[in-house]
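To keep things clear, I will list the structure first and then write my remarks on it.
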Amino acid sequence: VRDMIIHPDTGKLEALWVKPTGALTGHVVLQTQDIAEWKKNIYVRNEEALADPAEVIKIAEILSDGRQIVGNRVRTESGENLGRVADADFDTGLFYLRHLYTQKSFLGLWNHDRRALSYDLIVEVLPDYILVKDKTEKAEKVKAPLLKEKDVVLDA
């Protein structure tokens with residue numbers, strides 16, 4: 001696995017860039033729908049799941065759109081530069097983004113400070129940067145107390 005192809009409007013991981021082992025061909029894509037199991041290794045249904053990105057319409061459209069997640073700059077609504085998206089994590093069952101990890105660089109060298117941003121802070125993904133909510137906004141408080149294991153909930 002070399003990289004991720006993430007839909008900029010939904011935050012869904014649609015495919016992975018893959019370099020097949022032992023093959024002289026270039027990179028191909030593996031759509032998440034073709035992943036049979038994700039543990040220490042990624043298991044696919046069959047070898048035909050690997051495809052040229054130009055042959056998969058949905059992937060070709062995402063790639064031609066010009067809006068990317070990983071590598072894109074991140075700015076807050078107030079204009080603060082948070083660096084570039086260096087990495088992201090996602091739910092391996094549903095394939096939706098959970099967090100973006102930003103880093104700043106100076107003269108091409110990455111700063112060691114990483115900042116994690118929850119996916120729900122993203123306002124919009126643009127070609128030049130990702131716009132996120134200012135950190136001053138607080139998350140809503142939980143309205144009901146959390147249930148303890150011994151508590152029983154009955155539906156009427």
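The values are calculated or read from the model by the stated rules, or taken from the named source; none is laboratory data. Keep in mind the model is a prediction, meaning the values are calculated, not measured. Virtual Cβ from ideal backbone geometry, glycine too; neighbours counted across all protein chains shown. Remember, those area values only see protein heavy atoms, side chains included, never the ligands or the DNA or RNA. Shrake-Rupley method; radii C 1.70, N 1.55, O 1.52, S 1.80 Å.
Does S64 meet the test of being under 23 Å from P127 (Cα atoms) and free of Cβ contacts under 8 Å to residues at least 12 places away in the same chain?
On the way: under 23 Å from P127 (Cα atoms): yes; free of Cβ contacts under 8 Å to residues at least 12 places away in the same chain: yes.
So S64 passes the test.
For region 24-69, which positions are in a strand (DSSP E or B) and open to solvent by less than 70 Å² (accessible area, probe 1.4 Å)? Steps first, please.
Here is the first cut: in region 24-69, the ones in a strand (DSSP E or B) are 28-31, 35-38, 42-44, 50-51.
Result: V28, V29, L30, Q31, I35, A36, I42, V44, L50, A51.
Among the residues of region 120-135, which ones are within 21 Å of S64 (Cα to Cα) and outside any strand (DSSP E or B)?
Residues satisfying the conditions are L126, P127, D128.
Filter region 72-119 for residues that are farther than 25 Å from K40 by Cα, modelled with pLDDT of 90 or more and outside any strand (DSSP E or B); which is least open to solvent (accessible area, probe 1.4 Å)?
Selected residue: N72.
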